[in-house]
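All remarks here apply to the structure that follows.
No lab work stands behind these numbers, since they all come straight from the coordinates. Everything quoted here is computed from the prediction, not taken from an experiment. Note that we place each Cβ from the backbone using ideal geometry, even for glycine, and neighbour counts take in every protein chain shown.
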Amino acid sequence: MPRRLLLAAAAVAALAASPALAQAPTPAAKPHKPGKVLQFLTAEDVDARRLLPPPPADDAAAGKADLEAVRQTIAARSPERLAQAKWDDDHEDPSAFFATAGEGFDLKTLPATAEVMKIVQVDAAAAATAAKKVFARKRPWAVDPAIPTCDPDDKPLTSYPSGHAAQGYAFAMTYAVLMPEKAQAFMVRAKDYALSRVVCGAHFPTDIQASHALSAAVVASLLKNPGFQAKVAAAKAELRTAKFTQ
């Protein structure tokens, strides 16, 4: 394997072995997932053929390096990091970022902010689902059955991009718009949340990279929508009143 790919795989493995960054794992039931139909955006806004490169082929050098990075990540993961990955797996929703937003943050008490985050969740999930259908990439465990996964019931041809990671990055970017002084913390949390998908054996590193790009397109397109802009303004005012932002 080329030196740069070895270094990349080692870096991913080192992150997997590190302690969780933002949220203490606690048992929780998986929430109801949003529908897979775009709410504010159009199919053209999130056309995966336009926005994303195809994933590497399994038998290509880049595909083999991707798989090796998954193996190294899993080999290096600590029990604590695996527990965090499982917690993240169970929280495919904006609550994964509540601890980052601040003590006492809860969308149940912030209806305007909750409305914004629901739109982001639905459109990011729908965009990721549509992209999965375009690329139909095998999950890591479908390429190598020896790889364990947190989600054995996932469909085998749904790896690229990661829906969890796409939503996580979209949540973080939106929270960063609403609470800009916490933007860096949100993006650090998003990176760790996305890494959890590799720690879980559910995705390749390139799936995560694609999710980052796709979510950026989703949030950028939403922020151009006048109706969404009005909802963001209402959410910002609500968060200022609640003392979660200045």
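Structure data summary
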quantity	calculated
Within the range 84-234: Cβ-based charge dipole about Cα centre, in debye rounded to nearest 20 (Lys, Arg +1; Asp, Glu -1)	480
Qualifying trypsin sites (Lys or Arg not before Pro) in the range 190-246, DSSP loop, other Cβ atoms within 10 Å at most 15	LYS224, LYS243
Once exposed loop GluC sites (Glu not before Pro) are cut out (DSSP; at most 12 other Cβ, 10 Å), longest piece of the chain	104-246
Per-pair calculated FRET efficiency, R0 = 41 Å: ALA233 and VAL134 via Cβ, rounded to 0.05	0.75
Ellipticity estimate at 222 nm from DSSP helix runs (n ≥ 4, -39,500 (n - 2.57)) divided over the chain, nearest 500	-19000 deg cm²/dmol
Radius 13 Å from Cβ of THR158, net charge of other residues (Lys, Arg +1; Asp, Glu -1)	+4
Restraint check, LYS182/LYS236; LYS64/LYS138; LYS64/LYS155; LYS118/LYS138, Cα-Cα greater than 18 Å	LYS64/LYS155; LYS118/LYS138
At R0 = 25 Å, FRET efficiency that the Cβ-Cβ distance of LYS64 and ASP153 yields, to 0.05	0.40
Over the range 144-246, relative contact order from alpha-carbon pairs under 8 Å, at least 6 apart, %	35
Stretchable slack from ALA242 to LYS108, in nm (0.36 nm times residue separation minus alpha-carbon distance)	47.0 nm
Distance in nm between pseudo-label sites at SER78 and THR42 (7 Å out along the Cβ direction from Cα)	5.0
The chain: relative contact order as a whole-number percent, Cα under 8 Å and 6+ apart	28
